[in-house]
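Chemist: Quick one: the structure is below, and I'll ask about it shortly.
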Amino acid sequence: MTLASLAARAMGSLAVVGASLWLVPALWFRLPGPEGLRTIVAALAAVLSLVCVIALWWPQASAIRWRLMGCYLMLLVASLAWWASITPRADRDWAPEVAHLVEGQVVTPARDEAATQGEVLHLEQVRNFVWHSIENYTPRWESRDYPLEELTSVDLLTSHWMGPQIAHTLVSFGFADGRYLAFSVEIRKERTEQFSTLGGMFKQYELAVIAADERDIIRVRSNVRGEQVHLYRVQMPREMIRELLLAYVDEAEALRTQPRFYNTATSNCTTLVYAMMTRLTDGLPLDYRLLLSGYLPEYVADQDALSDAAPFAELKASSLISPAAIAADNHPDGDFSRLIREGIPGADRPSY
């Protein structure tokens, strides 16, 4: 066997294995039909890829080698065409907690009111569920108005649900009257679906931008699911806070009219925030901590964007709010946001 032949067979083997690493789970996660059928089809594709690799190296298979490779290539081309036909939708039977995406518009006061009243962000479909347990809750979707001139702060929250490396990212905006509005980029799962990290790489879910009361979206993680939630006060110019808030609203509007798929690695709760921030400021570097989102606060600190009220080590040591959230469980809505920030360095002053 010549060196050129060895190289060709090695490259062919790598191509088949690489394609199969996409093809087999794609068929299993997205092929229509019952789980048993999907399992059989995915298994047959895996067997065909294995046979092709063996045939590339087994001398006795030279007569059928290229026929097998041709069959595999036809399967791959057909699968790619099928994959391209799978498009995101906005009309599925959604799970109640992601049934609606926030809708918003900036309302400019009339000329005779402009001197006393600035622009107001009017929002529809702000989530404010009352969570009794993971499966038992009272749905509430509300309309709210937020005076943009009263924006005072922005906080970064990470909710750790899979060890220290992986966390869900939330951003919460504070207003002068003590209210907070939290945003979360989430999977828009259907009523019967469960989250799968691997499935999230194969068009399993659409994207959702949820705006919610903190007593809903933080409490469900800290008090109901038992996740470890951390909060950091962000340091940011006031105008950029406003632009980031409106960027969330614009993103939600874009998803309502043009749905997109969630992707565990490339289009998730952290990468979308990064994409929004890169539109507002230059020079934000790509970093592994954008994928290992449990380390996102360190990344933000490296950009000098966390509160300067204390060194980062102290910010991190004081950031866990889950015990305070559990202690504030029976307090009124407004008190919940205030109580979870007690002891957080910098949380008693504006972000700018």
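The values are calculated or read from the model by the stated rules, or taken from the named source; none is laboratory data. What you see is a predicted model, and the numbers here were worked out from it, not measured in a lab. Here the Cβ positions follow ideal geometry from the backbone for every residue, glycine too, while neighbour counts run over all protein chains shown. For accessibility, only protein heavy atoms count, side chains too; no ligands or nucleic acids. Shrake-Rupley method; radii C 1.70, N 1.55, O 1.52, S 1.80 Å.
Chemist: Could you list, in sequence order, all residues of region 43-89 that are among the β-branched types (Val, Ile, Thr), farther than 26 Å from Tyr205 by Cβ and either part of a loop (DSSP other than H, G, I, E, B) or modelled with pLDDT of 95 or more (or both)?
Modeler: Residues satisfying the conditions are Val47, Ile64, Val77.
Chemist: Which of the following residues is of a type in the set (D, E, K, R), open to solvent by 30 Å² or more (accessible area, probe 1.4 Å) and at pLDDT 95 or above: Arg111, Arg127, Arg179, Arg188?
Modeler: Selected residue: Arg179, the only one of Arg111, Arg127, Arg179, Arg188 that is of a type in the set (D, E, K, R), open to solvent by 30 Å² or more (accessible area, probe 1.4 Å) and at pLDDT 95 or above.
Chemist: Counting only residues that are more than 21 Å from Phe175 (Cα to Cα), open to solvent by 30 Å² or more (accessible area, probe 1.4 Å) and touching a residue at least 60 places away in the same chain (Cβ under 8 Å), how many does region 317-335 have?
Modeler: Qualifying residue count, region 317-335: 3.
Chemist: Gly33 fails exactly one of the following numbered conditions: (1) part of a loop (DSSP other than H, G, I, E, B); (2) small (Gly, Ala, Ser); (3) open to solvent by less than 40 Å² (accessible area, probe 1.4 Å). What is the number of that condition?
Modeler: It fails just one condition, (3).
Chemist: Cβ-Cβ below 6 Å, separation at least six or inter-chain, first residue in region 200-225 and open to solvent by 10 Å² or more (accessible area, probe 1.4 Å), second acidic (Asp, Glu): which pairs?
Modeler: Close Cβ pairs satisfying both conditions: Arg215/Asp333; Arg221/Glu227; Asn223/Asp329.
Chemist: Scan region 136-164 residue by residue and report those that are small (Gly, Ala, Ser) and exposed (fewer than 13 other Cβ atoms within 10 Å of the Cβ).
Modeler: The answer is Ser143, Gly163.
Chemist: Right, here's the next one. Need the failing condition index for Ile40 against (1) over 30 Å from Val220 (Cα atoms); (2) under 27 Å from the mean Cα position of the chain (by Cα); (3) at pLDDT 95 or above, just the number.
Modeler: (2)
Chemist: Would you confirm, using the coordinates I've provided, whether Ser133 is open to solvent by less than 60 Å² (accessible area, probe 1.4 Å), touching a helix residue (DSSP H, G or I) at 6+ places or on another chain (Cβ under 8 Å) and under 22 Å from Gly226 (Cβ atoms)?
Modeler: Criteria met by Ser133.
Chemist: Continuing with this model, one more query. Given (1) open to solvent by less than 10 Å² (accessible area, probe 1.4 Å); (2) within 20 Å of Ser337 (Cα to Cα), identify the lone condition not met by Ala167.
Modeler: For Ala167, the exception is condition (2).
Chemist: Next question, about the same structure. With Thr270, Thr197, Thr266 as the choices, which residue is under 17 Å from the mean Cα position of the chain (by Cα), on the phi < 0 side of the Ramachandran plot, open to solvent by less than 10 Å² (accessible area, probe 1.4 Å) and not aliphatic (A, V, I, L, M)?
Modeler: Answer to the selection: Thr270.
Chemist: Please go through region 267-289 and give me each residue that is in contact with a Ser or Thr (Cβ under 7 Å, 6 or more places away or on another chain) and closer than 20 Å to Glu206 by Cα, ordered by number.
Modeler: Cys269, Thr270, Val273
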